[in-house]
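Asker: Sending over a structure as structure tokens; questions will come in a sec.
Quick note: the coordinates plus some simple rules give every number you see, no bench work behind them. All values derive from a computational prediction rather than experimental measurement. Here the Cβ positions follow ideal geometry from the backbone for every residue, glycine too, while neighbour counts run over all protein chains shown.
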Amino acid sequence: MSFYRGKNSISGRRTIRERGGTFIPHLVLILSLFIFALPPLLTAGEITIINKRNSERLGTIRALQAGRYQFVSVASLADMLSISYSKNNKNKQITLEIPHNPITITAISPFIKVGYQIRQIPIDVLYRNGIFYVPIKLFLTALRDVLPFQFEYDASNLELIVKSSLENITGVSIDEKANGILIHIATTEKFSRSDIFTSQRNNWFYIDIYGGRVDTLKSFPVKSRSKKILNVAPIQLSSETARISFHSFINFKEPDIIVNNTDHEVIVSLRTRESISNDLLAELQKEREKWKIDVVVIDPGHGGKDPGAIGRNGLYEKNVTLAIAKKIKSELQRRLDVKVVMTRKRDTFVPLKRRTEIANKAGGKLFISIHIDSNPSRRLHGHTVYFLGQAKTEESRNVAQFENSVIKFEDSQNHYAGLSDASFILAANAQNSYNKESQDFAAIVDNELYKDIKDRSHGVRQAGFYVLYGASMPNILLETAFISNRNDEKKLKNKSFYGSVAKAICDAVIKFKQRYEAEVQ
Ligand SMILES: [Zn+2]
């Protein structure tokens, strides 16, 4: 198309001039213009990609030089790092399919989309013969932010050294049994049952391991003795979660998961559907009655003398959590036949322990605590969904520590004595027998929020929140956005944002109801 060629050549000239950059190989480039005409790209050579952990050479990709920037093909780099991608020829875009944080690159544009965030690089993406070229150094910065890789690029020696974080998921073996399939996942670290999430969609069965790391730079050992599983693919879903995907046309029942820490393995047993006896049906009916999700408790964080986190422009967490909670309440009542109980309706102080007491007394079937995050790093934005468990990162631990610190406003801290770290988690898990359901609900809420708010998701995490301790129902704590981030703070004053959160929570409650009320049928 002539139109397109025209645009292309404009970009070519811009590339040579380089907006605002200083510029050394002037002569070379001018010469190249004479020799090659457009495009004014020189082959800089082959970049060798090396796996830092074992010095293994992963391969080479061609580098092109334009001004002081070295460009590489996005697709070649993605292939080398085992990242899948798709192209949209109509929009002249290529997308690296990194779950939750896809990176989209548009031909002849300086804008790169990372998740829902737009970043600008100081030079346009080049596009030649259907191939997208990006300035390697700038692009690696974006990749580093969303993948658990470290990159060292040596431009003079044309070497890219890649280090993936140390793997703790080391392989999979699959055995076929009379009524299903047995999957053994080999690990080098201890995991607990609540670290394992499973889901099934479009002929894929997923096992997500929170705190899990796979090394996607090398081949992943799979020993399969089953014809029912057609393909196994490990990916690093986020810096905190590894996913192993199993392709199969079989519809599996809810899996049984066993974590065997002595032998360092996670065992997932997938049963194919089988007939259910009448006795069992009656039993399940009773279960279903018990599981009717008819009372939802919304807990607006902080209140009264406890302001919660405070934004740069003086926004109080306690006011936002109450506004969001009210919106959630009206949305739930409008769309569902459920009773909604609030742990506070006004700007009043309610001790943490009292909040679950209110929930239990009201016969709550779901407990949702609403909070706003705050972080010394003002760059952080987006949401995180927590359920009760041992924190896996310093970051999660700090969040729980801040939320727990509000007990200083309470008259007596005796109820919380001895509830520190590990002992607290043990006590909490014993008391809170809805761990699996809480985990499931957290995952559903995270998904719905990600769909509706279209901002960064920090995923589902675990930490020891006092406010969740003692809830006799599935319970989660939502950090809706970061009050410490300029854009998020603006968003947190916006009624339409409250509406999106309310819609997402309501959708999540509906999905959870469908799953749990229908599961026992
Ligand atoms: Zn809070």
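Asker: With r defined as the distance between the Cβ atoms of residue 60 and residue 494 and R0 fixed at 56 Å, what FRET efficiency is calculated, to the nearest 0.05?
Answerer: Using R0 = 56 Å, I get an efficiency of 0.70.
Asker: Give me the one-decimal Kirkwood hydrodynamic radius in Å for segment 282-519, with the sum taken over alpha-carbon pairs.
Answerer: After inverting the mean inverse Cα-Cα distance, the result is 17.7 Å.
Asker: Roughly speaking, what is the stretch gain from residue 175 to residue 223, that is 0.36 nm per residue apart minus the C-alpha to C-alpha distance, in nm to one decimal?
Answerer: Going from the current span to full extension adds 16.4 nm.
Asker: Same structure, new question: Give the Rg/Rh ratio for segment 39-134, taking Rg as the radius of gyration of the Cα atoms and Rh as the Kirkwood radius, to two decimals.
Answerer: Reported Rg/Rh, Kirkwood definition of Rh: 0.97.
Asker: Compute the normalised compactness of segment 480-521: alpha-carbon radius of gyration over 2.2 N^0.38 Å, N being the residue count.
Answerer: 1.65
Asker: Positive end of the charge dipole of segment 282-519 (Lys, Arg +1 and Asp, Glu -1 on Cβ, about the Cα centre): tell me which of 356, 449, 468 has its Cα farthest that way.
Answerer: 449
Asker: Something else now. In whole Hz and in residue order, list the ³J(HN,Hα) couplings for segment 364-380 that follow from phi through the Karplus curve 6.51 cos²θ - 1.76 cosθ + 1.60, θ = phi - 60°; x for Gly and Pro.
Answerer: Rounded to whole hertz, the list is x, 10, 8, 10, 10, 9, 9, 9, 10, 7, 8, 8, x, 7, 6, 6, 5.
Asker: Given the Cα-Cα distance of residue 68 and residue 245 and 0.36 nm per residue of separation, how much length would full extension add, in nm?
Answerer: Answer, rounded to one decimal: 59.6 nm.
Asker: Considering only 199, 270, 230, whose Cα is most displaced toward the positive end of the charge dipole of segment 169-271, charges sitting on Cβ of Lys, Arg (+1) and Asp, Glu (-1)?
Answerer: Of the candidates, 230 comes out farthest on the positive side.
Asker: Quick one: P(r) of segment 169-271 from all Cα-Cα pairs, 10 Å bins, percents rounded to integers, in order of increasing distance.
Answerer: The calculated distribution, bin by bin, is 16, 54, 29, 1.
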